[in-house]
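This report refers to the structure that appears directly beneath it.
The values are calculated or read from the model by the stated rules, or taken from the named source; none is laboratory data. Note that the coordinates shown come from a computational prediction; the quantities given were computed from them, not determined experimentally. Here the Cβ is made from the backbone with ideal geometry for all residues, glycine too, and neighbour counts use every protein chain on show.
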């Protein structure tokens with residue numbers, strides 16, 4: 001049956017660059033990037049240690065891949081993990097678009113369903129493309145704090161990755177022979193050597209990607225890769241500084257947290273939640289503030305009591321799930337010293353509760369590897385000054401490699417529990 | 001029996017098993033999110049599939065149409081428009097919620113600051129990219145002008161290369 005006029009006819013598609021080699025090459029560049037994004041995403045879920053206390057943000061039960069204990073060393077682990085997750089994800093966007101452009105004729109292939117196998121394959125491709133765009137879109141909007149939807153971002157983004165990873169695994173398994181054939185016939189890199197004048201279309205095959213009647217090329221294949229690469233490089237430059245820091249932070253011109261610092265001085269680095277948002281008033285944090293330690297015995301400490309204890313200084317990064325991070329010089333009391341003061345021995349969990357009255361992240365439970373690390377602090381000061389109210393005054397948790405939202409601010413109570 | 005399946009189904013049994021497995025995982029995962037505690041079902045499903053539809057029927061055709069206008073330019077100018085447009089466009093596609101200030105309230109609650117300056121910085125980046133591309137274009141045009149006045153060795157060697165590739 002002859003297809004109706006329009007994109008269902010092979011002659012509609014004219015680009016002389018489309019063909020199996022181009023799609024194989026774009027896909028092979030995109031694949032390692034999405035694998036990094038997927039792996040770091042699952043690692044981030046592990047870093048929240050959803051098995052402990054009320055840490056889980058996703059529904060409990062069911063199989064959870066990568067549910068391992070999260071280490072406290074190296075201290076930059078979570079910063080690098082989230083920097084990669086967000087930055088590589090953003091950098092992959094132009095490649096994803098180019099990859100989808102290269103296979104556009106497939107979407108309109110005629111007849112739409114040739115066999116049961118073709119039908120189920122199209123369903124799997126819909127799951128792949130739908131979940132890919134869903135994951136990219138929700139992640140990118142989330143880091144800009146924009147939530148124009150009615151679902152739980154964490155749950156939907158996490159399970160969207162399940163759909164994406166399973167559909168992607170299947171897709172790669174099916175396409176490996178196609179990629180191998182394209183590279184065997186054209187050479188893996190040979191088409192990149194052709195300048196514009198030397199650029200020839202890939203040979204037409206029925207139901208293939210190469211067009212039956214190609215137009216004259218306006219860009220070479222390496223030119224197209226350079227075009228996509230430039231767009232990715234542009235995104236890298238305006239984004240990476242929020243995670244890498246240093247002089248690059250000034251270049252992070254569009255990153256949500258590139259330029260978002262309130263004031264200079266010792267407390268001049270980004271926050272993820274202001275005291276006003278958490279409804280912390282200066283009255284709660286004034287001289288009447290007491291820290292409750294609940295271990296073998298219960299004790300109450302004032303800020304002066306804490307300052308009278310041995311003070312330790314650590315240079316540690318604080319890293320947000322949204323990708324930005326910053327390394328500061330924190331000082332305060334070791335969490336293990338507080339455990340000793342409360343008469344706690346052995347491997348325990350530590351539940352930290354904030355003055356903040358509401359919100360799922362007003363409390364967090366730390367595993368033994370986290371709170372018994374010698375760099376794990378209840379910080380009272382940063383860069384030689386008292387913490388500002390927005391940074392968690394009178395006291396906050398700072399633990400190496402721990403997700404930023406688990407470094408609880410405005411700490412009110414520490415409870416050691418049996419592991 | 002396998003031959004019957006292959007002819008009725010249109011591919012190997014392994015193809016069928018692989019697809020059923022992947023789709024089963026997808027249905028399980030989507031089912032987890034569809035719990036009323038975590039989503040308003042229809043809104044979630046629209047988002048899950050709407051992105052693909054929006055891309056295939058709106059974004060991709062719009063980009064193809066825009067490129068058609070660019071191709072109408074003089075041949076040598078085409079890629080000098082495509083490059084800055086691709087970089088600027090990619091930045092806009094990712095960061096439009098900040099550029100168009102879509103979530104100032106959330107941003108203030110998180111950072112203590114308003115969404116400021118993103119649109120200006122994006123416009124500046126765009127202007128710099130197009131200006132740089134125009135400078136390169138002008139320099140190349142000037143170079144071609146000089147080469148045209150002295151047609152010699154370099155043009156001849158280029159013709160040789162072209163001949164070799166066609167053979």
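Give B:62, B:66, B:77 a once-over and let me know the one that is assigned to a helix (DSSP H, G or I), more than 7 Å from every other protein chain (Cβ to nearest Cβ) and touching a residue at least 60 places away in the same chain (Cβ under 8 Å). Show your work before the answer.
On the way: B:62 fails: touching a residue at least 60 places away in the same chain (Cβ under 8 Å); B:66 fails: touching a residue at least 60 places away in the same chain (Cβ under 8 Å).
Residue meeting the stated conditions: B:77.
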In the set B:36, B:97, B:84, the lone residue that is over 28 Å from residue A:161 (Cβ atoms) and either in contact with a helix residue (DSSP H, G or I) (Cβ under 8 Å, 6 or more places away or on another chain) or without any contact (Cβ under 8 Å) to a residue 40 or more places away in the chain (or both) is B:84
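On the basis of being more than 24 Å from residue A:119 (Cβ to Cβ) and out of contact with any strand residue (DSSP E or B) (no Cβ under 9 Å at 6 or more places or on another chain), does residue B:71 make the cut? Even if it seems obvious, please write down each step before you answer.
Working: more than 24 Å from residue A:119 (Cβ to Cβ): yes; out of contact with any strand residue (DSSP E or B) (no Cβ under 9 Å at 6 or more places or on another chain): yes.
Judged against the criteria, residue B:71 is a match.
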Across (1) in contact (Cβ under 8 Å) with a residue 12 or more places away in the chain; (2) in the same structural domain as residue B:131 (by TED's automatic domain parsing); (3) assigned to a helix (DSSP H, G or I), residue B:108 clears everything bar (1)
Hey, any hits in region B:132-139 for a residue that's crowded, with 16+ Cβ neighbours inside 10 Å, within 25 Å of residue A:92 (Cβ to Cβ) and more than 10 Å from chain A (Cβ to nearest Cβ)? yes
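If you take the residues of region A:221-246 that are in a helix (DSSP H, G or I) and touching a strand residue (DSSP E or B) at 6+ places or on another chain (Cβ under 9 Å), which of them is nearest to the other protein chains (Cβ to nearest Cβ)? Before the answer, list the steps.
Within region A:221-246, the subset in a helix (DSSP H, G or I) is A:221-244.
Now drop any that are not touching a strand residue (DSSP E or B) at 6+ places or on another chain (Cβ under 9 Å), which leaves A:242-244.
On the way: A:242: 12, A:243: 15, A:244: 18 Å.
The qualifying residue nearest to the other protein chains (Cβ to nearest Cβ) is A:242.
Please state which one of A:126, A:100, A:52 is out of contact with any strand residue (DSSP E or B) (no Cβ under 8 Å at 6 or more places or on another chain) and crowded, with 19+ Cβ neighbours inside 10 Å. Let's see the steps before the verdict.
Numbers: A:126 fails: crowded, with 19+ Cβ neighbours inside 10 Å; A:52 fails: out of contact with any strand residue (DSSP E or B) (no Cβ under 8 Å at 6 or more places or on another chain).
Just one listed residue meets the conditions, A:100.
Name the helices (runs of 4 or more DSSP H) wholly inside region A:13-130 in which the number of residues that are within 11 Å of another protein chain (Cβ to nearest Cβ) and more than 16 Å from the chain's Cα centre (by Cα) is 2 or more. Full working, then the answer.
Numbers: elements: A:20-47, A:77-91, A:93-102, A:104-107.
The helices (runs of 4 or more DSSP H) meeting that bar are A:93-102, A:104-107.
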Of those in region A:247-274 that are within 14 Å of chain B (Cβ to nearest Cβ) and touching a strand residue (DSSP E or B) at 6+ places or on another chain (Cβ under 8 Å), the residue nearest to residue B:92 (Cα to Cα) is A:270
When restricted to A:250, A:221, A:257, the only residue more than 30 Å from residue A:328 (Cα to Cα) and either buried (at least 20 other Cβ atoms within 10 Å of the Cβ) or without any contact (Cβ under 8 Å) to a residue 12 or more places away in the chain (or both) is A:221
Self-check item: Some residue of region A:275-283 being touching a strand residue (DSSP E or B) at 6+ places or on another chain (Cβ under 8 Å), buried (at least 18 other Cβ atoms within 10 Å of the Cβ) and over 29 Å from residue A:346 (Cβ atoms)
Solution: yes
Cβ pairs under 6 Å, 6+ apart or interchain, first in region A:202-217 and over 15 Å from residue A:186 (Cα atoms) and outside the structural domain of residue A:190 (by TED's automatic domain parsing), second loosely packed, with under 11 Cβ neighbours inside 10 Å and modelled with pLDDT under 95, ordered by first then second residue, are none
When every residue in region A:234-259 that is over 19 Å from the mean Cα position of the chain (by Cα) and farther than 19 Å from residue A:94 by Cβ is compared, the one modelled with the lowest pLDDT is A:259
All conditions in (1) more than 8 Å from chain A (Cβ to nearest Cβ); (2) surrounded by 12 or more Cβ atoms within 10 Å (Cβ to Cβ); (3) within 24 Å of residue A:172 (Cα to Cα); (4) more than 29 Å from the chain's Cα centre (by Cα) are true of residue B:21 except (1)
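Evaluate the following for residue A:326: is it within 14 Å of chain B (Cβ to nearest Cβ) and not in a loop (DSSP other than H, G, I, E, B)?
Details: within 14 Å of chain B (Cβ to nearest Cβ): yes; not in a loop (DSSP other than H, G, I, E, B): yes.
Yes.
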Flagged in region B:94-131 as closer than 30 Å to residue A:225 by Cβ, surrounded by fewer than 16 Cβ atoms within 10 Å (Cβ to Cβ) and at the interface with chain A (Cβ under 9 Å from one of its Cβ atoms), in numbering order, are B:124
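For the structure I just gave you, tell me whether residue A:338 is buried (at least 20 other Cβ atoms within 10 Å of the Cβ), touching a residue at least 40 places away in the same chain (Cβ under 8 Å) and assigned by TED's automatic domain parsing to the domain that holds residue A:357. Show your work before the answer.
Values: buried (at least 20 other Cβ atoms within 10 Å of the Cβ): yes; touching a residue at least 40 places away in the same chain (Cβ under 8 Å): yes; assigned by TED's automatic domain parsing to the domain that holds residue A:357: yes.
Judged against the criteria, residue A:338 is a match.
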Notebook entry, point to check: Mind checking whether some residue in region A:284-292 is surrounded by 14 or more Cβ atoms within 10 Å (Cβ to Cβ) and not in a loop (DSSP other than H, G, I, E, B)?
Noted result: yes
